[in-house]
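For reference, the structure is listed below as structure tokens.
The values are calculated or read from the model by the stated rules, or taken from the named source; none is laboratory data. Computed from a predicted model, the values in this text were never measured in an experiment. Cβ sites come from the backbone with ideal geometry, for glycine too, and all protein chains shown count toward neighbours. Just so you know, the surface numbers come from the protein's heavy atoms only, side chains and all, with ligands and any DNA or RNA stripped out. Shrake-Rupley method; radii C 1.70, N 1.55, O 1.52, S 1.80 Å.
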Amino acid sequence: MNIRKIIILLIMCLALPIVGQAQSAHWAITPTYQSVTPFAPNLFKVKTYASVGICDADEKWVVSLAMDSITNVVNGYALALSKSKDKYRITYIIRENGTREAVKDEVYAGEYLFFEEGRCPVTNKKGKYGYIDTSGALVVECDYTSALPFLNGRALVTKEKGGFIGLLKKGKAKVYEIDLQGKAREVSQIDPSALKPSYMEKVNATYTPNPDPSYQRYSDDKEYGYRKGNNVILPAQFEAAGSVSDDCAIVMVNHLFGVIRFNTADVDCKVTEAGSHLKAQVKLPGVWENKVATIVREVNGSSRKEFEMEGTGLERSLDVTIDKESGKKIYELVCDKLVLWRSVNKAGSGSDDNDDKGDSSGRISVSVPATVKANAKNVCSVPVTVRNRGGSARTISIKLSTGQSSSINVAAGKSGTVTVKVPVTKNTTCRITASGGGFSSSCSTALKAAIRL
């Protein structure tokens with residue numbers, strides 16, 4: 001075989017398309033919260049630093065993210081509380097089916113925050129106890145200093161100063177037994193242990209959904225993804241990942257929690273790189289229509305660049321000029337910061353190895369959008385994302401060819417983003433270099449001026 005034929009064959013190999021198909025997933029709950037936990041079937045308790053709410057797997061709110069506390073579901077009901085000075089007012093009764101009732105009377109959390117036999121002990125502003133029913137109505141007036149949950153249609157209450165604690169100290173005091181309608185009768189003898197019932201197991205019991213065994217979590221380079229059998233259906237990208245139940249899983253990205261939902265639609269992706277041209281054709285499921293789709297290209301675990309695809313419907317395309325670089329290449333399809341598809345093309349192979357393995361050699365990588373547009377003041381806000389692939393935390397220095405610099409501390413195996421402000425007076429190509437731990441990585445972006453001077 002002569003040299004000419006060998007060169008032609010090599011070019012053909014390098015230009016072979018990388019074709020992939022993956023099961024689709026999308027954000028059911030965006031990863032913007034400090035905590036997300038299962039609350040009831042298809043419901044999640046969502047927390048920020050300041051508040052808590054309940055939403056379903058479509059991020060539709062059952063209880064808005066404005067509560068100060070929400071109890072666990074006990075006997076089919078939970079309570080939503082709003083803080084008022086040093087007390088917690090009961091605002092809503094939440095059913096485990098996702099419906100709720102507003103509590104109209106001004107009542108507050110007592111010692112036992114759950115329903116037994118359709119009644120929950122509550123207090124008024126003065127700290128006196130009564131009971132509400134599951135509709136939120138006050139069915140037993142707040143006339144007592146202490147009140148216990150119901151058992152077999154009866155509940156123990158007292159009007160003694162100091163409540164049951166004071167009663168036990170006196171040895172003799174009046175104790176009443178009330179029925180579900182609040183009718184009371186005095187009882188002369190009670191077992192002291194009945195005044196100290198233990199309900200902690202019920203109060204602390206959290207809802208645990210049944211995991212779907214057809215999904216398996218896997219880890220790669222300190223990140224987590226999902227498989228079905230031997231097929232990767234969502235590449236490793238999460239700092240933490242829960243089991244899948246009802247096609248949903250709680251995950252963590254950049255130290256924030258959200259929920260992903262898998263669906264039966266497929267993602268079709270074809271990427272071709274030949275010489276200085278990168279082309280891609282993608283067919284997305286309907287859930288991603290009108291969402292931005294991005295192709296990410298990483299070379300040798302360091303040079304990383306993002307390219308926004310053209311189109312807003314289900315068919316997307318990309319045809320861009322790139323720097324010629326040899327070595328191990330990773331291509332990713334990203335929508336709304338979720339990696340839907342990933343392929344690894346090892347140096348010189350010209351084909352898809354489909355091993356989904358990252359580079360664990362300790363390098364760092366840096367990425368920026370392919371284009372950053374300036375604001376009305378001709379300042380570009382460049383988001384620089386750095387990934388630390390090493391085994392320990394690093395302070396990574398960032399330098400721009402336009403003269404700006406910054407730094408960021410990134411934990412081992414994690415990513416971090418810092419925004420650098422760059423004034424521009426004309427369209428400029430900016431090269432960004434990140435260095436730390438003896439490694440460096442660079443990429444570039446096109447800065448577009450709003451007003452050319």
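Worth pointing out:
- Screening region 74-85 for residues that are in a loop (DSSP other than H, G, I, E, B) and open to solvent by 30 Å² or more (accessible area, probe 1.4 Å) and picking the one that is modelled with the lowest pLDDT gives LYS85.
- Selection within region 418-441 - assigned to a strand (DSSP E or B), farther than 23 Å from ILE322 by Cβ and either of a type in the set (Asp, Glu) or touching a residue at least 40 places away in the same chain (Cβ under 8 Å) (or both): LYS421, PRO423, GLY436
- Pairs where the first residue, in region 62-75, is within 15 Å of THR206 (Cβ to Cβ) and touching a residue at least 40 places away in the same chain (Cβ under 8 Å) and the second is surrounded by fewer than 15 Cβ atoms within 10 Å (Cβ to Cβ) and not aliphatic (A, V, I, L, M), C-beta under 7 Å, 6+ apart: ASN72/THR206; VAL74/LYS202
- The set of residues in region 295-324 being of a type outside the set (D, E, K, R), in a loop (DSSP other than H, G, I, E, B), touching a residue at least 24 places away in the same chain (Cβ under 8 Å) and open to solvent by 50 Å² or more (accessible area, probe 1.4 Å) consists of ASN300, LEU314.
- Residue check, LYS45 modelled with pLDDT under 95 and among the charged types (D, E, K, R): no
- The residues of region 154-205 that are in contact with a Lys or Arg (Cβ under 9 Å, 6 or more places away or on another chain), within 25 Å of LEU79 (Cα to Cα) and at pLDDT below 85 amount to a single one, PHE164.
- In this entry, VAL282 passes the filter for residues that are of a type in the set (A, V, I, L, M, F, W, C), farther than 24 Å from ARG217 by Cα and at pLDDT 90 or above.
- Considering only residues in region 1-24 that are part of a strand (DSSP E or B) and at pLDDT below 65, the one that is farthest from TYR215 (Cα to Cα) turns out to be VAL19.
- Of the residues making up region 124-156, those that are among the β-branched types (Val, Ile, Thr), under 40 Å from the mean Cα position of the chain (by Cα) and crowded, with 19+ Cβ neighbours inside 10 Å number 1.
- Search result, residues across region 25-57 that are under 13 Å from the mean Cα position of the chain (by Cα) and not in a strand (DSSP E or B): GLN34, THR48, ALA57
- Residue in region 95-115 that is out of contact with any Phe, Trp or Tyr (no Cβ under 9 Å at 6 or more places or on another chain) and either assigned to a strand (DSSP E or B) or of a type in the set (Lys, Arg) (or both) present: yes
- Annotation: of all residues in region 408-427 being among the hydroxyl-bearing types (Ser, Thr, Tyr) and surrounded by fewer than 15 Cβ atoms within 10 Å (Cβ to Cβ), the one that is farthest from MET252 (Cα to Cα) is THR425.
- In region 225-281, counting only strands (runs of 3 or more DSSP E) that sit wholly within it, the ones holding 1 or more residues that are open to solvent by 30 Å² or more (accessible area, probe 1.4 Å) and farther than 18 Å from PHE44 by Cβ span 231-238, 256-274.
- Between TYR92, TYR88, the distinction of being under 19 Å from GLY118 (Cα atoms), at pLDDT 95 or above, part of a strand (DSSP E or B) and open to solvent by 20 Å² or more (accessible area, probe 1.4 Å) belongs to TYR92 only.
- Among (1) more than 16 Å from SER435 (Cβ to Cβ); (2) modelled with pLDDT of 90 or more; (3) surrounded by 20 or more Cβ atoms within 10 Å (Cβ to Cβ), the one test that GLY358 misses: (2)
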